[in-house]
Ligand SMILES: Nc1ncnc2c1ncn2[C@@H]1O[C@H](COP(=O)(O)OP(=O)(O)OP(=O)(O)O)[C@@H](O)[C@H]1O
Ligand SMILES: [Mg+2]
C-alpha cells in the first residue's frame, strides 16, 4: 500500500508531486514522463493509486485510466488537467476515474483526494446486502398493509365502481389508479389523468367538460374535455380534495348522470367513463369542516383504498431499495451496492415524501455514493442535503463539483435530468457549471 504512480510530462509538476507526496507525506512514489513509460510500469506492477495528467502525448490520461483499470480493477485513478472540458470529464467519470482535479491545484487538495482513495481501498466489515429474487411486479411491497391494498385493487378493478384512493404524497396513489384501470375491462381504452390541484377553478370546467370554440376568451378552438376524451375508459381525478366548493356540485351531477355539456354547447352528451379519484388530504375531515360536500364524498368513496405511509411499513424498505437500485443500474449503468449500515439508516428514516422520496434518494445515491457503496454515511448525507433543500436552501455539499460531474456523466450530459437528481434548479446548475469552467 501507499504506492503511487504519477504520470506527468511536465517535469516541474512531477517534481513538486514527488517532493510533496514522497518526502513530506511518506508515500512510495513512482513516476512516468510519457504514456509508453507508464504502460510499461503498469504492466510490470500493480498500483493501488495512479495520478495521471490528461493531455500527455499521442495518447492521453484516459488511455492510462483504461490500462490501470485493466491491470488492477481496484486501482483508484486520479486525473488532473488544466484543460478540462465537459467531454473529457464525462468520459473519465464514466470510465471509473476516482476523481478529476483541475490544474492548478493546491497540494493539500491533491493529498485530500489521495487520502480518500486510500480510505476507499480499506476493507470494511460493513457487508453488502442483496435480495435473491426481486419480484417482477410493478408495485413493490409485501407488508400486510400492502397485501390489503392488493386485495382491494383486485376486487375493485373488474367492477365498474368509483374508487377513492387516499394516502400521503408519494405513497403510490397514481400507480394504484393505473393498476386498477389496467386490470379492468377498460384497459384498451384511454386512461386520462387530471390534476385538479394545478388547474384553476375557472379552467377546470373546460378541462373536464370541454368547451366550444369562442365560448370564452382564449378558446380559439374546440376543446375536448377529459370526460369525453376518456369515453369508454377511465378518468383519474388526482387531488380531488382541492376542487373548489362551488364546482363540487357540478362534479356530483356528472357522477349521477354521466352527461357532459361542453361550455358554449346547447346539447348534453352521454359518456361512459369510470372515475377513480385520489387525494392526500383527509376527505372525511374536510367534510366535517364543511369544505367538501358530503354527498360527493359518498359518491366517490364507493370503494376506498388507503395507502399506508412508508414509515408504517418499514419492512418493505429493503425490497423497495433493492428494486430502485436495480432500476438505476439499468438506467444509469451504475450498479450500486447497499451495505448493512446503509439499509439500517434507510429503515430508520421517517420518509415524509414516502416511496417517491426513497426512489429519488436511491437514484441519487446510485450515482453519487463513493465507490457506489450506499452505506450509512452516504444515506445520512443524502438525507441531510434533501432536508436542507426542503428548508429552502440551495444545496450540494463541499464536494459539489464532483457530484455535478458524476451526475452529468450518468445522465449523458442531460442538464435538466441532472438538476433534478441533484435536487437543485436548472438555473442553479448552469451557474455552478459556469463557475466550474464547464459550459
Ligand atoms: N409500491 C411501490 N412500488 C414501486 N414503486 C412505487 C410504489 N409506490 C410508489 N412508487 C413510485 O413512487 C413514485 C410516486 O408514486 P405516485 O406518483 O403513484 O404517488 P402519489 O401518491 O400519486 O403521490 P402524490 O400525492 O405526490 O401525487 C412513482 O415514481 C411510483 O412509481
Ligand atoms: Mg399523484
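Each reported figure results from applying straightforward, stated rules to the coordinates on display, with no laboratory input. These numbers come from a predicted model, not from an experiment. Please note: Cβ atoms are built from the backbone with ideal geometry, for glycine as well, and neighbour counts cover all protein chains shown.
Please report the orientation-averaged projected area of the chain, defined via the convex hull of its C-alpha atoms, in nm².
Mean shadow area of the hull around the Cα atoms is 26.2 nm².
Quick one, can you get me the convex hull of the C-alpha atoms of segment 84-216 expressed as volume per residue in Å³?
321 Å³
Quick check: the angle from helix 376-390's long axis to the longest principal axis of the chain, C-alpha only, nearest 10 degrees?
Helix 376-390 sits at roughly 50 degrees to that axis.
How would 198, 215, 52 line up from fewest to most surrounding beta-carbon atoms within 10 angstrom?
Ranked by crowding around the Cβ, least crowded first: 198, 215, 52.
Order of 426-433, 60-67 by packing, highest average Cβ count within 10 Å first?
60-67, 426-433
Limiting things to C-alpha atoms, what are the Rg and the maximum Cα-Cα separation (Dmax) for segment 311-435, in angstroms?
13.8, 44
Under the rule a/c < 1.5 gives rounded, and otherwise a/b versus b/c splits prolate from oblate, where does segment 3-121 land using the Cα gyration tensor?
Rounded, because the longest to shortest axis ratio a/c is under 1.5.
Using the number of other C-beta atoms within 10 angstrom as an exposure proxy, rank 216, 100, 47 with the fewest first.
Arranged by neighbour count, lowest to highest, 216, 100, 47 become 216, 47, 100.
How high is the relative contact order of the chain? Use alpha-carbon pairs under 8 Å, at least six apart in sequence, and give a whole percent.
14 percent
What nm distance separates the two modelled labels at residue 427 and residue 347, each placed 7 Å from Cα along Cα→Cβ?
Placing both labels 7 Å beyond Cα along the Cβ direction yields 4.4 nm.
Roughly how far apart, in whole Å, are the Cα centres of segment 31-85 and segment 198-243?
61 Å
Using a cut-off of under 13 Å, list every residue of segment 266-287 whose amide N is near the label point 7 Å from the Cα of residue 245 along the Cα-to-beta-carbon line.
286-287
Based on the mean of other beta carbon atoms within 10 Å per residue, what is the order of 275-285, 327-337, most packed first?
Packing proxy ranking, top to bottom: 275-285, 327-337.
Using only Cα atoms, find the angle between the long axis of helix 400-410 and the longest principal axis of the chain, and express it within 0 to 90 degrees, rounded to the nearest 10.
70 degrees
Report the full-extension gain for the segment residue 384 to residue 87: residue separation times 0.36 nm, less the Cα-Cα distance, to one decimal in nm. Mind showing how you got there, number by number?
Working: separation 297, 0.36 × 297 = 106.92 nm, distance 3.07 nm.
Full extension from residue 384 to residue 87 adds 103.9 nm.
Angle, helix 245-257 long axis vs. longest principal axis of the chain, Cα atoms, 0 to 90°, nearest 10?
Once rounded, one gets 70 degrees.
Work out how much length residue 15 to residue 330 would gain on full extension: take 0.36 nm times their residue separation and subtract the Cα-Cα distance, in nm to one decimal.
The span from residue 15 to residue 330 would gain 109.0 nm if fully extended.
Among 386, 80, 175, which comes first, second and so on when ranked by fewest other beta-carbon atoms within 10 Å?
Ordered from fewest to most neighbouring Cβ atoms within 10 Å, 386, 80, 175 come out as 175, 386, 80.
Give the Rg/Rh ratio for segment 144-307, taking Rg as the radius of gyration of the Cα atoms and Rh as the Kirkwood radius, to two decimals.
Here the Rg-to-Rh quotient is 0.97.
In nm, to one decimal, how far is the residue 160 label point from the residue 44 one, both placed 7 Å along Cα→Cβ?
Result: 8.4 nm between the two label points.
Quickly estimate the mean residue ellipticity at 222 nm for the chain, helices only: each DSSP H run with n ≥ 4 gives -39500 (n - 2.57), and the total goes over all residues, rounded to 500. Numbers along the way, then the final one.
Details: 19 runs with 198 residues, N = 439.
It lands at -13500 deg cm²/dmol.
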